[in-house]
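Below: one structure, written as structure tokens.
Just so you know, all these numbers are worked out from the coordinates, no wet-lab data involved. These numbers were taken from a predicted model, which means no experiment stands behind them. So basically every Cβ, Gly included, is an ideal-geometry build from the backbone, and we count neighbours across all protein chains shown.
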Amino acid sequence: MGRLLIVDDEEDVREFAANFFRRRKVDTITAASGEEALQMLENGKVDLILLDINMAGMSGIETLKFIKAKTPGVKVIMVTGTKPDEGASFEQCKELGAIDYIHKPLELEELENIVMGQLKEKK
């Protein structure tokens, strides 16, 4: 089906989402920072990334720029605590190549529909 990378500096959010997708038989790995995510991309193939925008250290937007420079084919869905209409970050992420945008708190049905749809589409 594909490999999912979840990048979030909040361990509870990261592990909650990872366990949710592992129960659905999705090959899921996690990273606690943008730097760690970039390292994981160098070490193995990833098909889809759930990437938090607001992280300590390297922001999700900075991480997105590096991801798209190194692996332009990987799909990235941004995750944020602010709604898309509350700032220019959504437009910036789309311009940088993000395919979608999900806001916290994570709604499991929305999360599952978007992520599973993207992973199935990659075949």
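Details
- Three-way shape call for the stretch 2-41 based on the alpha-carbon gyration tensor, with the a/c threshold at 1.5: oblate
- In nm, spacing of pseudo-spin labels at residue 99 and residue 23 (7 Å Cα→C-beta vector): 2.5
- Here the contact order of the stretch 3-121, divided by its residue count and restricted to Cα pairs under 8 Å and six or more residues apart, works out to 22 percent.
- Residues residue 42 and residue 110, FRET efficiency given R0 of 35 Å [Cβ-Cβ distance, rounded to 0.05]: 0.70
- With a cut-off of 14 Å between beta carbons, the residues surrounding residue 68 carry a summed charge of +2, where Lys and Arg count +1 and Asp and Glu -1.
- When only alpha carbons are used to place a centre, the stretch 96-123 and the stretch 1-71 end up 13 Å from one another.
- Kirkwood Rh and Cα Rg combined as Rg/Rh, the stretch 3-121: 0.91
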